[in-house]
Amino acid sequence: MPTTLQFLGGTGTVTGSKFLVRGAHTSLLVDAGLFQGLRDLRRRNWEPFPFPPDDLDAVALTHAHLDHCGYLPALGRQGLTAPVYATVGTASLAALVLRDSAALQEEDAAYAARAGFSRHAQPAPLYDRADVERVLPLLTPVEPGVPVPVGRDQPVSVQVTFHPAGHILGSTFVSVTVDGRAVTVSGDLGRGNHPLLQPPAPLPASDVVLCESTYGDRDHPEDVDAALAAVLRRCLGRGGVAVIPAFAVDRTEVVLMALRRLMDGGAIPAVPVFVDSPMALGALAVYRQALVEGSQDIRPGVGYDAFDPGDLREVHDADGSRALNDPGFPCVVVSASGMAAGGRVVHHLKHLLPDPRNAVVLVGFQAAGTRGRALQEGARELKMHGRYVPVRAEVASVEGFSVHADADELVAWLSTAPHPPEVVYLVHGEPSASQALAARVRAELGWVAVVPRDGEIVRLD
């Protein structure tokens, strides 16, 4: 059997990353992400996995974001029994992310059934909490930099090594050696100026590279604090509530650090800051523990109270969350999900968008088909829970908070390779972003750069 690589997600989209590496006798899946955004993409989550999951020898997770790990319980339901290798940080956060994903799916299905707005007579979740608990024991912690043998062949023909990626706590890119060939999968790459995490490690020698291209067609602005301060001053000054849809893992922490800088410096009024997301609060606890333990992921000098703007209020229960639909005083509400695709933030938007005193601050990438993307593109009505809601609140996109490397940073990371690879595949990006980065790689590095098709199989031998 030839040595091959198959693209099973993360092509033509920033979600659903899954890359299947097959050696002569061993099969490894790198990432098991959930499709999000457009309806046609979300429907793909319900399709049977195109390779028998019980034939996999291992799964390697680059990090714990849902678009890289959220399909694991569905794989487990279809028969996955192989180890799922991940760093300690990724394993801890993935447990939170997957439990939260299952709970939200169950709640959304139950709400749709009660409210009667689903097209299905009996709405059901893709997977439930029992499926999550079934797959979590497969998570197998690994140390960065230490090769992990995959499969039962002797001598071992496949190894995977994890390298720090600086994207979120525990995030990595992975290098796979398969039948003598070296394949590196970037996962999501972080930035050199992340306020909390160490920068990505250099790209090791590779025959083939899969590089993310989320921001492959643009660069991040430099002064994000000024842009955030401006919209918050306007909103809070007119007595409004500022809602910040934020990814529960890492983006919430980065936003809290920015709010602390702005309040400490007097750039915005000192108001209560609510974090309303069970998963975000769980992730915040993991980050605080990493600070206490002196995790190697964390930059030196970051204090334990880095995430407290001064009046931080953690909202754990449903009653407290409902109260934020109409707080009655100026405040900031940080809530998941980051693209307003689901979770508590949808309820807040439903109640707060009609009031022009309020503001919605988008601080991350908004995938096509999500409510966040609709707001970003100027939607005047937004559909939530079966009803259309008028958008009268101010909507502002504050770019630069992303913890994805931008186009310049991606090219700079690729250029750290000891020698040119035979080919670079640009993945995990919308088509225009992937094509733009491919053009830069060809022009500036002189490498072969390809934007693969969904489902495409290429030979590695």
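For this structure, a couple of remarks:
One line per residue, one yes/no per condition, for (1) β-branched (Val, Ile, Thr); (2) buried (at least 16 other Cβ atoms within 10 Å of the Cβ); (3) outside the structural domain of residue 14 (by TED's automatic domain parsing):
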{"site": "205", "(1), (2), (3)": "no, no, no"}
{"site": "230", "(1), (2), (3)": "no, no, yes"}
{"site": "235", "(1), (2), (3)": "no, yes, yes"}
{"site": "238", "(1), (2), (3)": "no, no, yes"}
{"site": "244", "(1), (2), (3)": "yes, yes, yes"}
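- Boolean, residue 251 is free of Cβ contacts under 8 Å to residues at least 60 places away in the same chain, buried (at least 18 other Cβ atoms within 10 Å of the Cβ) and of a type outside the set (S, T, N, Q): no
- Considering residues of the range 375-421 that are among the hydrophobic types (A, V, I, L, M, F, W, C) and under 19 Å from the mean Cα position of the chain (by Cα) only, the residue surrounded by the fewest Cβ atoms within 10 Å (Cβ to Cβ): 407
- When residues of the range 326-344 are limited to those that are of a type in the set (Gly, Ala, Ser) and within 16 Å of residue 42 (Cβ to Cβ), the one surrounded by the fewest Cβ atoms within 10 Å (Cβ to Cβ): 342
- Criterion (buried (at least 19 other Cβ atoms within 10 Å of the Cβ) and under 18 Å from residue 429 (Cβ atoms)) met by exactly one of 29, 8, 38: 8
- Residue among 311, 317 that alone is surrounded by fewer than 21 Cβ atoms within 10 Å (Cβ to Cβ), modelled with pLDDT under 95 and out of contact with any Leu (no Cβ under 8 Å at 6 or more places or on another chain): 317
- Residues within the range 132-186 that are surrounded by fewer than 21 Cβ atoms within 10 Å (Cβ to Cβ), part of a loop (DSSP other than H, G, I, E, B) and in contact (Cβ under 8 Å) with a residue 40 or more places away in the chain, tallied: 7
- Meets criteria (touching an Asp or Glu at 6+ places or on another chain (Cβ under 6 Å) and either without any contact (Cβ under 8 Å) to a residue 24 or more places away in the chain or farther than 20 Å from residue 185 by Cα (or both)) for residue 37: no
- Matching residues, the range 304-338, being small (Gly, Ala, Ser), outside any loop (DSSP other than H, G, I, E, B) and within 28 Å of residue 389 (Cα to Cα): 318, 320, 321, 323, 335
Every residue, every condition in (1) assigned by TED's automatic domain parsing to the domain that holds residue 18; (2) in a loop (DSSP other than H, G, I, E, B); (3) of a type outside the set (Lys, Arg), yes or no:
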residue: 420; (1), (2), (3): yes, yes, yes
residue: 425; (1), (2), (3): yes, no, yes
residue: 429; (1), (2), (3): yes, yes, yes
residue: 435; (1), (2), (3): yes, no, yes
residue: 442; (1), (2), (3): yes, no, no
residue: 452; (1), (2), (3): yes, yes, yes
residue: 455; (1), (2), (3): yes, yes, yes
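- Boolean, residue 263 is aliphatic (A, V, I, L, M) and touching a helix residue (DSSP H, G or I) at 6+ places or on another chain (Cβ under 8 Å): no
- Against the list (1) more than 26 Å from residue 249 (Cα to Cα); (2) in contact with a Lys or Arg (Cβ under 6 Å, 6 or more places away or on another chain), the condition residue 366 fails is (1).
- Meets criteria (small (Gly, Ala, Ser) and within 23 Å of residue 159 (Cβ to Cβ)) for residue 102: no
- Restricted to the range 272-304, and to residues there that are more than 14 Å from residue 196 (Cα to Cα) and not hydrophobic (A, V, I, L, M, F, W, C), the residue that is farthest from the chain's Cα centre (by Cα) is 272.
- Residue match in the range 372-379 (condition: assigned to a helix (DSSP H, G or I), outside the structural domain of residue 206 (by TED's automatic domain parsing) and in contact (Cβ under 8 Å) with a residue 40 or more places away in the chain): yes
- Residue 124 meets the stated requirement of being of a type in the set (A, V, I, L, M, F, W, C), touching a helix residue (DSSP H, G or I) at 6+ places or on another chain (Cβ under 7 Å), more than 29 Å from residue 434 (Cβ to Cβ) and not in a helix (DSSP H, G or I).
- Residue 255 vs. criteria outside any loop (DSSP other than H, G, I, E, B) and either assigned by TED's automatic domain parsing to the domain that holds residue 351 or touching a helix residue (DSSP H, G or I) at 6+ places or on another chain (Cβ under 7 Å) (or both): yes
- Residues of the range 407-461 classified as touching a His at 6+ places or on another chain (Cβ under 9 Å) and of a type in the set (S, T, N, Q), total: 1
The values are calculated or read from the model by the stated rules, or taken from the named source; none is laboratory data. Predicted model, so just to flag it, every value in this text is computed and none were measured. Virtual Cβ from ideal backbone geometry, glycine too; neighbours counted across all protein chains shown.
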